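Some notes on the structure that comes next.
The values are calculated or read from the model by the stated rules, or taken from the named source; none is laboratory data. If you're wondering where the values come from, they're calculated on a predicted model, not measured in any experiment. Positions of Cβ are backbone-derived with ideal geometry, glycine not excepted, and every protein chain shown enters the neighbour counts.
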Ligand code: SF4
Ligand code: SF4
């Protein structure tokens with residue numbers, strides 16, 4: 001029996017069971033893949049790098065490359081500087097990327113390797129060819145989570161590359177958050193539809209959602225180019241989508257280059273997408289979005305109103321990375337659904353405050369918790385059942401044990417397809433989320449209906 | 001190939017026919033390489049994970065535990081405690097002040113709640129650096145709870161996966177010799193090095209039982225602590241797979257005088273040969289065992305061969321590439337492909353030894369590429385050069401194959417079909433057949449030349 005979760009909730013301080021987060025470097029690796037011709041480099045032992053690559057591959061169903069400093073016992077004792085130096089040498093000679101994005105692991109953090117000085121020395125000694133870049137982020141996993149790692153690497157892109165020399169104040173920067181390539185692609189499409197020139201970074205579309213071409217490219221065509229990242233320093237505004245993943249980058253660009261920034265929730269659902277579109281309209285000076293977009297919005301509204309009867313009052317358990325969960329909470333509430341457990345593994349009281357604010361008066365009926373895990377969530381559900389679970393693949397154990405409908409959302413999704421192709425962002429994304437929620441609930445109605453109530457038309 | 005190969009890697013790649021054979025291996029990956037290799041912890045976790053009634057606690061930051069949460073299809077016929085993810089989730093303050101107290105609390109809480117038969121505590125890189133005394137904490141908890149609590153010294157930087165196998169074997173060896181062995185038959189074995197992926201050890205156990213051999217302990221597929229404790233009562237250790245549990249067999253031979261033999265359950269020849277060798281071992285005391293074994297093999301083959309034939313007809317002359325974790329698996333795969341009429345164009349492993357590669361060299365055809373510790377660029381250039389029809393590998397290799405438009409078979413821990421035993425050979429043939437013969441490759445660019453000008457125009461883009 002896979003269900004080994006006791007009903008009684010006890011205080012646990014020393015133990016994490018069935019985590020709702022993972023470690024920083026994987027987020028940093030993912031962000032790095034969103035730079036054109038960038039090789040992520042894991043400064044540590046080869047195990048971490050191998051795990052991160054495998055995990056990303058399981059979610060994106062794409063090859064993921066990253067190099068590693070391959071620490072051995074010597075490096076662990078005497079420091080990993082020489083390994084990094086040799087790595088850079090090998091990387092530029094053989095793989096020849098435009099950028100190497102170095103992130104640390106718990107091991108190199110604990111040893112305390114000074115990455116900038118190794119990189120500086122390598123540059124002086126000609127190991128890093130002219131016109132090539134090495135950036136780095138510190139990503140100790142004993143602080144924060146995968147989201148923190150993503151955020152740190154985005155900040156590193158700005159700290160190392162952004163400048164005020166190029167670019168134009170007509171551009172708007174969008175940091176899309178720790179989201180799938182389909183969402184990054186959707187942001188670009190919407191910017192195009194709204195007729196604004198934008199720089200989306202990082203951007204993993206055309207890197208981790210590649211068509212089959214019959215050949216394997218180590219550096220695919222996608223990714224934000226270095227030139228684009230450099231230009232971000234002159235843009236008129238940065239929109240940071242998701243406070244946890246993207247605020248640090250926006251703030252850093254403001255202090256470095258004076259570009260103002262605005263933090264929005266991920267544009268998941270109608271309201272959050274409205275906010276995003278409004279922010280863009282403020283820049284372009286247009287009064288309304290183009291007709292095509294108004295129609296998209298109308299279609300979501302149509303779906304929401306048609307099906308509201310099936311949604312109203314439904315209790316939901318929601319977990320995952322904080323930005324995703326915050327945005328989804330808002331979307332659910334807007335449809336009359338009732339999030340009753342809202343959980344993230346990432347630490348941060350800010351998460352709890354934000355979700356409680358969205359819930360408003362209803363917050364007393366909902367348990368909101370950061371730094372939590374799925375074992376805890378399972379215990380909550382055992383004590384008070386829900387109608388729907390929304391979250392990444394790891395929720396399937398709870399869904400099965402408690403026989404509760406389950407919609408997959410967030411990272412990672414290891415056991416279904418679709419997230420690689422269809423966005424969750426924007427009005428179109430809202431349609432996709434909504435259809436999967438509604439269809440999942442309807443499948444359950446069909447499954448459980450007694451013969452006489454089993455209906456053709458629903 | 002040119003620039004896709006590190007110069008330094010030349011000595012880890014051999015093309016049969018280049019002569020004379022020599023290869024460097026068991027070397028740490030080059031710093032900066034996109035290696036497909038994993039770490040010590042990974043090796044230990046892979047070996048010990050299938051012990052289903054044990055508690056597996058990862059002492060370290062969250063990632064090491066998160067990535068090894070239920071990713072292996074090592075099936076259990078009973079308890080499933082191994083499928084939960086337990087971690088001490090070390091935080092910054094633990095890194096500064098040490099994590100021993102946290103570890104102690106976590107163990108006590110878990111043992112109280114789940115009453116496991118034993119516990120394994122995995123050390124990760126960081127624990128090796130901050131210097132927690134894992135041994136002391138484990139001893140204390142063991143005394144207080146009365147169950148074996150065993151530290152696994154699997155700090156990632158202390159080598160590659162093979163070192164992790166060794167650490168796991170040392171941990172297992174602490175259990176061996178602590179159980180009661182009264183009721184064990186003289187015709188008895190332990191099965192070592194099978195992890196019950198997709199239920200494979202059940203197939204193998206059943207063969208042995210039909211032969212009249214008692215299986216004392218599964219090490220470690222569908223494994224149980226109590227069985228392992230009394231595994232020193234068996235007369236023979238039957239060890240599959242090159243690296244993972246051989247060290248345990250050697251330790252048990254030294255300490256308890258239990259001989260071991262290396263076998264493979266993959267492919268018809270190797271499977272039959274393995275059973276015969278075990279039968280032969282016991283034939284002095286059990287004069288009928290050989291007959292029973294022959295009978296078993298005959299029955300199985302009589303069922304299998306006609307079924308294989310239809311796959312063989314389709315697959316004749318198609319080309320395969322193999323890149324797996326351990327070299328031993330690669331031997332069997334080479335033979336298995338031959339049995340279904342296919343040619344092996346590339347064979348490699350993450351952790352083979354010089355001896356392993358020499359053996360591969362001996363059993364492969366001229367022109368075959370033999371490679372140690374490869375990377376995606378190399379692999380993809382070889383696959384294209386050899387124009388193979390199927391690639392056998394693990395999770396990181398799968399999307400490379402698919403991007404190239406090449407069929408794929410997972411022979412690693414994500415496999416869904418049992419591939420061992422006689423029935424496994426049939427499953428293997430079926431799986432290979434279904435991916436090689438699938439019509440979807442017709443749309444892949446490398447096959448497009450046989451199609452319309454419209455399709456050709458797509459290729460040009
Ligand atoms: S050591 Fe740290 S970086 Fe590596 S996998 Fe574990 S948690 Fe992640
Ligand atoms: S920290 Fe060490 S033990 Fe953990 S995954 Fe990384 S290399 Fe392996």
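Observations on the structure shown:
- Residue that is within 16 Å of ligand 1 (Cβ to nearest atom) and closer than 30 Å to residue B:215 by Cα, where the choices are B:121, B:180, B:176, B:149: B:121
Here's the yes/no breakdown for (1) facing chain A (nearest Cβ under 7 Å); (2) in contact with a strand residue (DSSP E or B) (Cβ under 9 Å, 6 or more places away or on another chain):
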site	(1), (2)
B:66	yes, yes
B:71	no, no
B:74	no, yes
B:78	no, no
B:81	yes, yes
B:84	yes, yes
B:93	no, no
B:99	no, yes
B:104	no, no
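- Top-ranked residue of the range B:33-50 - restricted to ones that are in contact with a strand residue (DSSP E or B) (Cβ under 7 Å, 6 or more places away or on another chain) and either without any contact (Cβ under 8 Å) to a residue 60 or more places away in the chain or away from chain A (no Cβ under 11 Å) (or both), ranked as surrounded by the most Cβ atoms within 10 Å (Cβ to Cβ): B:47
- Taken as a whole, the structure leaves residue A:108 outside the set of residues that are within 7 Å of chain B (Cβ to nearest Cβ) and either touching a residue at least 24 places away in the same chain (Cβ under 8 Å) or assigned to a helix (DSSP H, G or I) (or both).
- Between A:37, A:58, A:53, the distinction of being at the interface with chain B (Cβ under 8 Å from one of its Cβ atoms) and surrounded by fewer than 24 Cβ atoms within 10 Å (Cβ to Cβ) belongs to A:58 only.
- Scanning the range B:12-47 for residues that are under 22 Å from the mean Cα position of the chain (by Cα), modelled with pLDDT of 85 or more and away from ligand 2 (no atom under 14 Å from the Cβ) yields one hit, B:47.
- Residue B:342 passes every criterion in (1) under 23 Å from residue A:66 (Cα atoms); (2) at pLDDT 85 or above apart from (1).
- Residue within the range B:51-61 that is more than 22 Å from residue B:245 (Cβ to Cβ), at the interface with chain A (Cβ under 7 Å from one of its Cβ atoms), surrounded by fewer than 24 Cβ atoms within 10 Å (Cβ to Cβ) and over 17 Å from the mean Cα position of the chain (by Cα) present: no
- Subset of the range B:348-359 (residues that are more than 18 Å from residue B:383 (Cβ to Cβ) and without any contact (Cβ under 8 Å) to a residue 60 or more places away in the chain): B:355, B:359
- Residue list for the range B:150-184, filter: outside any helix (DSSP H, G or I) and either under 16 Å from residue B:218 (Cα atoms) or not assigned by TED's automatic domain parsing to the domain that holds residue B:107 (or both): B:176, B:177, B:178, B:179, B:180, B:181, B:182, B:183, B:184
- Boolean, residue A:69 is out of contact with any strand residue (DSSP E or B) (no Cβ under 6 Å at 6 or more places or on another chain), facing chain B (nearest Cβ under 7 Å) and within 16 Å of ligand 2 (Cβ to nearest atom): no
- Of the set (1) surrounded by 24 or more Cβ atoms within 10 Å (Cβ to Cβ); (2) modelled with pLDDT under 95; (3) in a helix (DSSP H, G or I); (4) more than 16 Å from ligand 2 (Cβ to nearest atom), all apply to residue A:75 but (4).
- For the criterion of being away from ligand 2 (no atom under 15 Å from the Cβ), modelled with pLDDT of 95 or more, within 12 Å of chain B (Cβ to nearest Cβ) and assigned to a helix (DSSP H, G or I), residue A:85 passes.
- Any hit, the range A:119-139, residues being in a helix (DSSP H, G or I), within 14 Å of another protein chain (Cβ to nearest Cβ) and out of contact with any helix residue (DSSP H, G or I) (no Cβ under 6 Å at 6 or more places or on another chain): yes
- Only residues that are more than 17 Å from residue A:53 (Cβ to Cβ) and modelled with pLDDT under 90 were counted in the range B:406-438, giving 4.
- Single residue of the range A:78-87 satisfying the filter (out of contact with any helix residue (DSSP H, G or I) (no Cβ under 8 Å at 6 or more places or on another chain) and surrounded by fewer than 19 Cβ atoms within 10 Å (Cβ to Cβ)) that is nearest to residue A:156 (Cα to Cα): A:86
- For the range B:232-246, the count of residues that are free of Cβ contacts under 8 Å to residues at least 12 places away in the same chain and out of contact with any helix residue (DSSP H, G or I) (no Cβ under 8 Å at 6 or more places or on another chain) is zero.
- Among the helices (runs of 4 or more DSSP H) confined to the range A:146-248, there are none with at least 3 residues that are at pLDDT below 95 and buried (at least 24 other Cβ atoms within 10 Å of the Cβ).
- Scanning the range B:133-161 for residues that are more than 19 Å from residue B:172 (Cβ to Cβ) and within 12 Å of chain A (Cβ to nearest Cβ) gives B:137, B:156, B:157, B:160.
- Number of residues in the range A:42-65 that are outside any helix (DSSP H, G or I) and within 13 Å of ligand 2 (Cβ to nearest atom): the value is 4.
- Residue count, the range A:103-124 (criterion: near ligand 1 (Cβ under 9 Å from one of its atoms) and more than 24 Å from residue B:95 (Cα to Cα)): 0
- Residue match in the range B:129-149 (condition: on the phi < 0 side of the Ramachandran plot, within 15 Å of ligand 2 (Cβ to nearest atom), assigned to a strand (DSSP E or B) and modelled with pLDDT of 90 or more): no
- Residue match in the range A:88-102 (condition: within 11 Å of ligand 2 (Cβ to nearest atom) and buried (at least 22 other Cβ atoms within 10 Å of the Cβ)): no
- Residues in the range B:305-336 that are touching a residue at least 60 places away in the same chain (Cβ under 8 Å) and closer than 24 Å to residue B:412 by Cβ: 20 in all.
- Of all residues assigned to the range B:267-280, at least one qualifies as being at positive phi and surrounded by 14 or more Cβ atoms within 10 Å (Cβ to Cβ).
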